[in-house]
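Structure first, then comments.
The values are calculated or read from the model by the stated rules, or taken from the named source; none is laboratory data. Quick caveat: nothing in here was measured; it's all calculated off a predicted structure. Here the Cβ positions follow ideal geometry from the backbone for every residue, glycine too, while neighbour counts run over all protein chains shown.
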Amino acid sequence: MTVTLRLVLDQLVTPTSRDLAEASASLAQALVDTAPRGCDVAAITPAPGLPDDAGITGLSAETRLSMRRRELAASWQLGVVPGIGRGLIHSPTALAPLVRHDRVNETHQIVVTLWDLRAWDSPDELPRAEVLATRALLSRIGKHADAVVVPSHAMAERLAEVAKAKLVAKVRVIGGAPVAGFRVPSDAVGRLRALDLPSSFVALSGGAAASDGLADAFTGLASEWDGDVVVLDVPEGEEPAVVELASAAGIPEARVHARGALDQWDRAAVLSHAVAFLAASTRTDWPWRAVDALALSVPIVARDTPIHREVLADAAAFAAEGELGTAVARALGPDAERLRVLAGDRAKGFAWAASAERVWALHAEL
């Protein structure tokens, strides 16, 4: 008898986040590739189903639901989950068919994944409706999920501060990784040219929100770096605000290049030309861009937070608020080569194959 693990792959149909879409695809392929004997992997998707270029080979089946993602999310939040059936269900995000079930007698498991706790870390930066919906979803997860995957122990500890004990007991830590196949493309120089970026710069990530930490990062850079600055993942419409933050810190507007979310090849091209990456966020999110920077052996300067300490370990120059300038000076100067080597070594600890094996072990445990 074959045991099928079904993945909720809504992000590959209607992505709300490029990072979540890449993580979903990478984990799905890794689960297929590492499936134990007698097990296979299938998909659960909203309409219109997986696109031809989803990039996943080896799925045994696809349960294509009649609703599109937005309607599906609303339905599932109300506990209405027609057409799902029973079995092992794993969601690489927080969206899952959460209903009351009997894991033992019905052989029905539901596992969800949380990548950030922004609704608790920085609720003032989000619409009130989104905060309320996220907190309500966490309550539903606590009632009906059999396990909750978070990517770091720092996030597990933070979750323990905001969630009920019943949910905390269900938490398991399984780390993320760069998108599968992440590497410097052969046409990196051409991609930089197409993005209208210089050939050397310090890279950052984030927007104008206070928890992104760009104001403090720009202040640290202004005293130690007189070259260009590239900011990735800037939310649409926040580009002028990011440039204004840099200008207020003393960095001329002409040296600041704000860009939105890039695909993996453009992102790799940009990071490969960075003399350093500055991880400035103060939230307990999974640090997607910092992990990308590790994979490309980029020297990293990071705000001293529990999540950065855990993920980056000794592969970063850490600094408290207001002290980033000193760390930047070290990363651009005497510590540059050492940080490059340590980043490359640390990157070996993040791979989707290892994460997939832990997911299979989790479902076996349940």
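Quick grid of which residues meet (1) more than 15 Å from F350 (Cβ to Cβ); (2) part of a loop (DSSP other than H, G, I, E, B); (3) modelled with pLDDT of 95 or more; (4) touching a helix residue (DSSP H, G or I) at 6+ places or on another chain (Cβ under 7 Å):
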| position | (1), (2), (3), (4) |
| --- | --- |
| H257 | yes, no, yes, no |
| A261 | yes, yes, yes, yes |
| R267 | yes, no, yes, yes |
| L278 | yes, no, yes, yes |
| S281 | yes, yes, yes, yes |
| A290 | no, no, yes, yes |
| A293 | no, no, yes, yes |
| S297 | no, yes, yes, yes |
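Just to be sure I understand, how many residues within segment 319-332 are surrounded by 17 or more Cβ atoms within 10 Å (Cβ to Cβ), of a type outside the set (D, E, K, R) and out of contact with any Ser or Thr (no Cβ under 9 Å at 6 or more places or on another chain)?
Step one: filter segment 319-332 for residues surrounded by 17 or more Cβ atoms within 10 Å (Cβ to Cβ), giving 319, 324-325, 327-332.
Pick out the ones that are also of a type outside the set (D, E, K, R) and you get 319, 324-325, 327-329, 331-332.
Keeping just the survivors that are out of contact with any Ser or Thr (no Cβ under 9 Å at 6 or more places or on another chain) gives 327, 331-332.
Residues that pass the stated criteria total 3.
Here is a yes/no grid of residues against (1) without any contact (Cβ under 8 Å) to a residue 60 or more places away in the chain; (2) in contact with a Gly (Cβ under 9 Å, 6 or more places away or on another chain); (3) among the small types (G, A, S):
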| residue | (1), (2), (3) |
| --- | --- |
| L195 | no, no, no |
| D212 | no, yes, no |
| A215 | yes, no, yes |
| F218 | yes, yes, no |
| G227 | yes, no, yes |
| D233 | yes, yes, no |
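Please count how many residues of segment 1-51 are of a type in the set (S, T, N, Q) and more than 27 Å from D266 (Cβ to Cβ). Can you show your working first?
Of segment 1-51, the ones of a type in the set (S, T, N, Q) are 2, 4, 11, 14, 16-17, 24, 26, 29, 34, 45.
Checking the rest, the ones that are also more than 27 Å from D266 (Cβ to Cβ) come to 2, 4, 34.
Going through segment 1-51 one residue at a time, the tally reaches 3.
Can you tell me which residue among S247, S199 is within 22 Å of A331 (Cβ to Cβ) and hydroxyl-bearing (S, T, Y)? Full working, then the answer.
Numbers: S247 fails: within 22 Å of A331 (Cβ to Cβ).
Going through S247, S199 in turn, just one is within 22 Å of A331 (Cβ to Cβ) and hydroxyl-bearing (S, T, Y): S199.
Restricting attention to segment 21-50, and to residues there that are in contact (Cβ under 8 Å) with a residue 12 or more places away in the chain and closer than 19 Å to E71 by Cα, which single residue is surrounded by the fewest Cβ atoms within 10 Å (Cβ to Cβ)? Before you say what the answer is, go through the steps one by one.
Here is the first cut: in segment 21-50, the ones in contact (Cβ under 8 Å) with a residue 12 or more places away in the chain are 22-36, 38-50.
Next cut, closer than 19 Å to E71 by Cα only: 43-50.
Working: A43: 23, I44: 24, T45: 23, P46: 22, A47: 14, P48: 11, G49: 15, L50: 18.
Top of the filtered list is P48.
Listed here are the residues, each with its yes/no results for (1) within 24 Å of the chain's Cα centre (by Cα); (2) over 30 Å from G87 (Cβ atoms).
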| position | (1), (2) |
| --- | --- |
| G333 | no, yes |
| A336 | no, yes |
| L342 | yes, yes |
| R346 | yes, yes |
| F350 | yes, no |
| A353 | yes, no |
| A356 | yes, no |
| E365 | no, no |
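Can you tell me how many residues within segment 51-70 are farther than 21 Å from H363 by Cβ, of a type outside the set (D, E) and surrounded by fewer than 15 Cβ atoms within 10 Å (Cβ to Cβ)? Show your work before the answer.
Kept after step one, since they are farther than 21 Å from H363 by Cβ, are these residues of segment 51-70: 51-55, 57, 64-70.
Pick out the ones that are also of a type outside the set (D, E) and you get 51, 54-55, 57, 64-70.
Next, from what is left, pick out any that are surrounded by fewer than 15 Cβ atoms within 10 Å (Cβ to Cβ): 51, 57, 66, 68, 70.
Final tally of qualifying residues: 5.
For segment 210-227, how many residues meet the condition of being surrounded by fewer than 19 Cβ atoms within 10 Å (Cβ to Cβ) and within 18 Å of the chain's Cα centre (by Cα)?
1
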